[in-house]
1. Can you find a residue in the range 47-57 that is exposed (fewer than 12 other Cβ atoms within 10 Å of the Cβ), out of contact with any helix residue (DSSP H, G or I) (no Cβ under 8 Å at 6 or more places or on another chain), in contact (Cβ under 8 Å) with a residue 24 or more places away in the chain and more than 21 Å from residue 88 (Cβ to Cβ)?
2. Any chance the range 175-189 includes a residue that's within 16 Å of the chain's Cα centre (by Cα) and without any contact (Cβ under 8 Å) to a residue 24 or more places away in the chain?
3. Answer yes or no: is there a residue in the range 122-137 that is outside the structural domain of residue 23 (by TED's automatic domain parsing), more than 16 Å from the chain's Cα centre (by Cα) and at pLDDT below 95.
4. Residue by residue through the range 62-89, note down the ones that are at pLDDT 95 or above and exposed (fewer than 15 other Cβ atoms within 10 Å of the Cβ).
5. Picking from 124, 97, which residue would you name as being in contact with a strand residue (DSSP E or B) (Cβ under 6 Å, 6 or more places away or on another chain) and within 18 Å of residue 25 (Cα to Cα)?
6. Please list, ordered by residue number, the strands (runs of 3 or more DSSP E) wholly in the range 87-198 having 3 or more residues that are under 30 Å from residue 74 (Cβ atoms).
7. Output the number of the condition that residue 5 fails; it satisfies all remaining conditions of (1) in a loop (DSSP other than H, G, I, E, B); (2) surrounded by 12 or more Cβ atoms within 10 Å (Cβ to Cβ); (3) without any contact (Cβ under 8 Å) to a residue 24 or more places away in the chain.
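The values are calculated or read from the model by the stated rules, or taken from the named source; none is laboratory data. Quantities reported herein were computed from a predicted structural model and do not represent experimental measurements. Every residue, glycine as well, gets a Cβ built from its backbone with ideal geometry; the counts of neighbours run over all protein chains shown.
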């Protein structure tokens, strides 16, 4: 029996340096917008929609990072953006957004349509500077969510302090890169051993 593996490549994007376009203003658009801003509050987002749902309105009320434009989608909106998220609830429009994005060589995610996605928005665990991304390769977002909740519950709240201390230690280490890596590996190995005993 052959076991398929997840071939997705995880990366962490600086969304404040990219232009993100979300098309749609319903609950799915609200979910995508919330997800982006929760992880990257400084994300540079433009929302294009003909109607703004209560859920989207609530998010817009609490941020200045999102520019909202009330108008019909046109292919010209794709130009100048780095990432496009199609969340209109209309399959015909979403496919048009996908085609326009591919033509412009812009990364696109069509909500709830894995075959029309260049990327997925997985679950994210954040503890200070530590950020973990979880993907089931589009198979089960519900599992990703539950696994995120599990990790959030077991990762200690002191983790940000630990990372700050490790960073301070790293700055004091002498020697070349290889020696520094060796010292940090030894130190973090002790941390893992201590935590597994608890």
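1. no
2. Initially, the range 175-189 is screened for residues within 16 Å of the chain's Cα centre (by Cα), giving none.
Scanning the range 175-189, I find no residue that is within 16 Å of the chain's Cα centre (by Cα) and without any contact (Cβ under 8 Å) to a residue 24 or more places away in the chain, so the answer is no.
3. no
4. As a first pass, look at the range 62-89 and keep what is at pLDDT 95 or above: 66-88.
If the condition is that a residue be at pLDDT 95 or above and exposed (fewer than 15 other Cβ atoms within 10 Å of the Cβ), then 67, 69, 70, 71, 72, 74, 75, 76, 79, 80, 82 are the ones that fit.
5. Numbers: 124 fails: within 18 Å of residue 25 (Cα to Cα).
Answer to the selection: 97.
6. Of the strands (runs of 3 or more DSSP E) lying wholly inside the range 87-198, those with at least 3 residues that are under 30 Å from residue 74 (Cβ atoms) span 107-110.
7. It is condition (2) that residue 5 fails.
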